[in-house]
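Read the figures in this text as sums done on the coordinates, not as results from a lab. For clarity, every value in this text was computed on a predicted model and none was experimentally measured. We place every Cβ from the backbone using ideal geometry, glycine too, and count neighbours over all the protein chains shown.
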Amino acid sequence: MLDIHCHILPGVDDGPKELSESLELARLLLLEGISYCVATPHFQVGMYEIGKQRVQELVIWLNKKLAENKIDLKVYPGMEISFSPEILSLLDREEICGINDSRYLLIESPQVTTPENINQLIFRLRLQGYVPVIAHPERSPLLQDNPDLTLQLINKGCLFQLNASSLVSENKPRETECAQRLIHSKAAHILASDAHSCDNRPPKLLHAFERACFLTGSREDAYNMVSRIPEYIISDQIYHPPEPRTVAKQNKGWKRFVPFLKF
């Protein structure tokens with residue numbers, strides 16, 4: 001599997017603090033069946049402002065340390081970019097980067113904004129040739145309560161990345177319900193770990209993959225979410241997602257359509 005969303009770099013955000021923690025997380029990723037991952041430290045103006053060049057340097061360094069410790073995991077550079085109208089100017093100044101320096105930008109799902117602001121930014125990014133990959137949309141109250149906006153963003157060329165934990169945790173039912181509905185509606189394209197450490201937000205991607213097999217009714221479709229589509233992204237190839245199904249709008253957000261199942 002190829003994990004395009006992982007906070008594995010030490011000392012740069014709310015992920016590992018020390019190299020030893022990064023190495024421990026790398027070993028756990030391998031146990032989950034992940035052979036490749038993208039290091040996606042947070043980039044948020046005024047809080048986490050690690051630059052593109054520093055991320056690339058740290059990824060080279062971490063790959064060297066992984067090899068020295070005989071950990072057969074390959075790490076690629078990337079960022080999880082906070083939703084902001086400043087994204088375009090940051091790209092112009094080469095302060096932020098896409099996934100493996102590609103046209104695909106991992107953008108954190110917006111928490112507090114309006115549909116108009118989202119659509120405007122997506123339009124401008126697409127106009128310049130970028131493909132927004134919206135990270136964990138199932139965690140955004142705005143998207144939970146607005147299925148129509150979800151479909152609008154996909155029709156404008158966005159891809160949606162679900163967190164593994166949203167499919168395997170019973171603690172946040174609205175996130176689980178939203179993630180299930182996105183999969184059922186063919187509106188979820190990538191499944192990633194968003195791992196931060198072995199103890200705090202561990203990978204859980206293997207378990208989530210098995211659940212995605214059930215939800216999609218197809219092991220091949222689930223495999224595409226954790227391997228083939230991420231391969232398109234890191235190699236900067238054009239990916240054409242399937243047409244999403246129409247999602248009925250709910251008065252109180254997403255409606256649970258399958259029970260929470262244990263594996």
Item to check | Top-ranked residue of segment 159-197 - restricted to ones that are assigned to a loop (DSSP other than H, G, I, E, B) and not polar (S, T, N, Q), ranked as farthest from residue 41 (Cα to Cα) | outcome: 186
Next on the checklist: I'd like to know if segment 108-127 contains one or more residues that are β-branched (Val, Ile, Thr) and within 14 Å of residue 230 (Cα to Cα).
Outcome noted: no
Item to check | Residue count, segment 198-236 (criterion: assigned to a loop (DSSP other than H, G, I, E, B) and either surrounded by fewer than 17 Cβ atoms within 10 Å (Cβ to Cβ) or more than 16 Å from the chain's Cα centre (by Cα) (or both)) | outcome: 7
Next on the checklist: Tell me yes or no: at least one residue of segment 132-143 is touching a Ser or Thr at 6+ places or on another chain (Cβ under 9 Å), aliphatic (A, V, I, L, M), in contact (Cβ under 8 Å) with a residue 60 or more places away in the chain and under 26 Å from residue 168 (Cβ atoms).
Outcome noted: yes
Item to check | Close pairs from segment 54-74: first in contact (Cβ under 8 Å) with a residue 24 or more places away in the chain and on the phi < 0 side of the Ramachandran plot, partner polar (S, T, N, Q) and not in a helix (DSSP H, G or I), Cβ under 7 Å, at least 6 apart | outcome: 73/35; 74/35
Item to check | Members of segment 174-194 found to be buried (at least 24 other Cβ atoms within 10 Å of the Cβ) and among the basic types (Lys, Arg), listed by number | outcome: 181
Checklist outcome for this item: The condition of being without any contact (Cβ under 8 Å) to a residue 12 or more places away in the chain and either under 19 Å from residue 83 (Cβ atoms) or of a type in the set (Lys, Arg) (or both) holds, among 121, 162, 182, 127, only for 127
Checklist entry - Out of the residues in segment 135-158 that are not in a helix (DSSP H, G or I) and not small (Gly, Ala, Ser), which is surrounded by the fewest Cβ atoms within 10 Å (Cβ to Cβ)? => result 156
Checklist entry - In segment 1-16, how many residues are under 17 Å from residue 107 (Cβ atoms) and either free of Cβ contacts under 8 Å to residues at least 40 places away in the same chain or in a loop (DSSP other than H, G, I, E, B) (or both)? => result 2
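Quick grid of which residues meet (1) hydroxyl-bearing (Ser, Thr, Tyr); (2) within 23 Å of residue 234 (Cα to Cα); (3) in contact with a strand residue (DSSP E or B) (Cβ under 6 Å, 6 or more places away or on another chain):
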| position | (1), (2), (3) |
| --- | --- |
| 86 | no, no, no |
| 92 | no, yes, no |
| 97 | no, yes, no |
| 103 | no, yes, yes |
| 110 | no, no, no |
| 115 | no, no, no |
| 123 | no, yes, no |
| 128 | no, yes, no |
Next on the checklist: Could you check segment 177-212 and list, in sequence order, the residues that are out of contact with any His (no Cβ under 7 Å at 6 or more places or on another chain), hydroxyl-bearing (Ser, Thr, Tyr) and under 25 Å from residue 150 (Cα atoms)?
Outcome noted: 185
Checklist entry - Applying the selection to segment 16-65, what residues are more than 18 Å from residue 196 (Cα to Cα) and of a type outside the set (Val, Ile, Thr)? => result 46, 51, 52, 53, 54, 56, 57, 61, 64, 65
